[in-house]
Amino acid sequence: MSIQKRLEAIRGLNSHAVRESKKLSIMEIEDGGYLEFNNQTWKVVSLSRYLDVKWSDFARRKSDYWVTELELYSLNNGKNIYLEWEQDDSLEVSQTLSLVKIRDIQYQGRSLRNSDMEDISEEEEGTVIHNGVSYHYEEDETWAGLYFKSPSDSDGLPMRAYEFESDDERCLTIELWVEDGDRPDREAFISQSVKPNDINVIQQA
């Protein structure tokens, strides 16, 4: 934990603005903003976005639908976490709990392969196992997107996200990052839903 980094983050918190601020939503927070969550104060150190696109060719849809990812830095213990939010019929927020190694995800008694992902997607069903917990494929939640690391990015990086859910409603997401002519890079993580009211935005930026 870097003491200097924590001090710099703490100094960026305007106590006067916090006392005088109106109630803000996570949808209004910007890079450099601050929020309270899980009994800690967090600074937004990066803000990136995913644009939902067509699965087959990553073409844009007629109307844009965005998922926003916030990387947060804790002023309390110097650790980083990630929150994602999206506005559909209602505001939905999730927190990344842990990253997962692909080789530790089991499918039909062996480590998960790219070809297995294609088969599961085509059949629209399948169950994978991680640390003894079963996660069931969620066709309705699986999607393709273009990832924009910062607001200044003009071209998004294409990816497909395969979604699985456990009986306790935790989500295992497996992302395939697509590069022309290359084998897709794979990443996976486990997340869970967060009640928007549990997040208190105390400084917009």
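The values are calculated or read from the model by the stated rules, or taken from the named source; none is laboratory data. In this text, all values refer to a predicted model and were calculated from it rather than measured experimentally. Every residue, glycine as well, gets a Cβ built from its backbone with ideal geometry; the counts of neighbours run over all protein chains shown.
Points worth noting:
- Criterion applied to S98, S56 was being small (G, A, S) and either at pLDDT below 95 or surrounded by 13 or more Cβ atoms within 10 Å (Cβ to Cβ) (or both), and the one residue passing it is S56.
- Within the stretch 157-205, the set of residues being part of a loop (DSSP other than H, G, I, E, B) and of a type in the set (D, E) comprises D167, D168, E169, E179, D180, D182.
- Within the set S134, S154, S121, S115, the sole residue that is in a loop (DSSP other than H, G, I, E, B) and outside the structural domain of Y65 (by TED's automatic domain parsing) turns out to be S154.
- Residue in the stretch 113-141 that is modelled with the lowest pLDDT, counting only those that are of a type in the set (A, V, I, L, M, F, W, C) and within 13 Å of T173 (Cα to Cα): M117
- Only one of the listed residues (L172, L176) is farther than 22 Å from K195 by Cβ, touching a residue at least 60 places away in the same chain (Cβ under 8 Å) and aliphatic (A, V, I, L, M). That residue is L176.
- Of residues in the stretch 101-112 being in contact (Cβ under 8 Å) with a residue 24 or more places away in the chain and in a loop (DSSP other than H, G, I, E, B), the one surrounded by the fewest Cβ atoms within 10 Å (Cβ to Cβ): K101
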